[in-house]
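Here is the structure we will look at.
Bear in mind that the values in this text are calculations on the coordinates, not laboratory data. What you see is a predicted model; the values in this text were computed from it and never measured. All Cβ positions, even for glycine, are placed from backbone atoms using ideal geometry, and neighbour counts span all protein chains on display.
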Amino acid sequence: MKEIKILVTGAAGFIGYHAVKALTEEGFQVTGLDNINAYYDVNLKYARLSDAGISKNDIKHGELICSKRNSLYRFVQLDITDRLTLTDLFEKERFTHILHLAAQAGVRYSLENPHTYIDSNVVGFENLLENCRHYSVKHFVYASSSSVYGLNNKIPYKETDVTESPASLYAATKKANELMAHVYSHLYSLPTTGLRFFTVYGPWGRPDMAPSLFMNAIMNEKPISVFNHGCMQRDFTFIDDIVKGVLKIIISPPVKEIPYEIYNIGNSQPVELMNFIQIMEKTTGKRALLNLKDMQPGDVLTTYADTTHLEQDFDYKPSTTIENGIKKFYEWFINYYKPTDN
C-alpha cells in the first residue's frame, strides 16, 4: 500500500505501540513519532519500541531510523511542539494520513502541571493541523477522550451531548482539540476525525492508569487507593477493540460538506471499580488490600459510551469482556514485570 503513508504520533505510548503494530500488519507504511518524555517510566516506552524493532541505542533525536523487525516501520524521536523540525518532517515525508495519539495524559497530573498540557495538547495539536493543511493530508485522526463529557450527568454518553462542562484541564484541552479540528475541517476542508476513547487497558498499558496500578498493588501485596470509596464506574475498553476501531476509521475520512466527525470507542458496559478489583482478585488468585479514599478533584462518577454512531457507520462495536481482557492483561503483566512469586 505504497500510496498510503501514515504518521503515528505517540508511537512509544500504549495505544500508539499497538496501532503501529496493527497498521504495519495491514501493509501500511508507518512512521512513528514520540518525544519519549518521563511522565511515566521511560523503560516501558523503550521496551515497546524495542518490541517493534527500534533499539534505544539507535535512537538519535530528530533522525529517522528503520525498524530491525519490520521493513514498513520507521521511528523518529521528536516533540510535536518543535514546530520547525516537525514541518521539516512533513516536507520530506509527505504523509497521507495522520494518527495523532501523542498528548500529555492524566487528569490528576494536570492539577500540578497545567502548562505541560497547554504546550503538548494545544500548541502541539495546532502544529499538526497546520502541517496537515499545508501538505494536503487526506485524513487527520486524533485521540480525544471520554473526559470531554465532564460533568454531564446524562448517560450513556452520546457524541451529540453537550460537552461544555469539563471537570479537568486535561478534559478542556481535549475539547479544545475537537473545536480546533472543526475549524480546519470548515475552513480548509481537512478531513478530521476525533476518537473519544473510554478507559483503555490491556498489555503494555500505562502504569499510571487504574488497571496497572491495581494489578501492581495486588501482585506486590500493597494497598490500592480506591477513590470515592469504590462508588465509581468506568467503561473499561480492551486495547485490541480500540485498535480495530482505529483501523476501520483511518482509511475512511468523512465525506460531507464539513468533513468532520467524532466517534465514541468504548465497551458500553460500565464496571464498578470494586467489581473490577474482584475480577482481578479472581484472575490473580490474590486478595486486594483496599485503601478507601474520598473523590479526587477532576474525577467523574461514571463513564459510559453510546457507540451507536460507530456501529451505524462501520458496523463495529467493541466486544471483549472484562474477564477476558483482564486475563490477557495479567498474562502480559507477569511476563513483563516478573513478580518474584511467579
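Spin-label point model (7 Å from Cα, Cβ direction): what's the HIS309 to SER136 distance in nm?
The answer from the label model is 3.0 nm.
Residues with amide H under 5 Å of LEU292's amide H, sequence separation 5 or more or different chain, H placed in the peptide plane at 1.01 Å from N; which?
VAL226
Relative contact order for the chain: what percent, with Cα pairs under 8 Å and sequence separation of 6 or more?
After rounding, I find 16 percent.
Charges at C-beta only: +1 for Lys and Arg, -1 for Asp and Glu. How large is the resulting dipole of the chain about its Cα centre, in Debye rounded to 20?
For this selection, approximately 640 debye.
Filter LYS138/LYS317; LYS5/LYS327; LYS5/LYS248; LYS174/LYS282; LYS138/LYS327; LYS175/LYS338 down to the pairs with a C-alpha to C-alpha distance above 27 Å, please. Display every interim value, and only then the final one.
Values: LYS138/LYS317 25 Å; LYS5/LYS327 35 Å; LYS5/LYS248 16 Å; LYS174/LYS282 35 Å; LYS138/LYS327 38 Å; LYS175/LYS338 39 Å.
The pairs that break the limit, which is 27 Å between Cα atoms, are LYS5/LYS327; LYS174/LYS282; LYS138/LYS327; LYS175/LYS338.
Give the longest segment of the chain that steers clear of GluC sites (Glu not before Pro) in DSSP loops with at most 12 neighbouring Cβ atoms within 10 Å, not counting the sites themselves. Please list the in-between numbers first.
Numbers: sites that count: GLU3, GLU63, GLU164, GLU221, GLU257.
It runs 64-163.
For the residue pair TYR188 and MET295, what label-to-label distance in nm results when each label sits 7 Å from Cα along the Cα-to-beta-carbon direction?
Here the answer is 4.0 nm between the modelled labels.
Of the listed peptides 149-155, 312-318, 4-10, 300-306, what is their order by residue-averaged count of other C-beta atoms within 10 Å, with the highest listed first?
With the highest mean Cβ count within 10 Å placed first, the list reads 4-10, 300-306, 149-155, 312-318.
When the Cα centres of the stretch 67-120 and the stretch 314-332 are compared, how far apart do they sit, in Å?
The two parts, judged by their Cα centres, are 27 Å apart.
Please list, in chain and number order, the residues 5+ apart from ILE262 or on another chain whose amide H is under 5 Å from its amide H, with Hs placed from the backbone.
Close amide H contacts, sequence-distant or interchain: GLY194.
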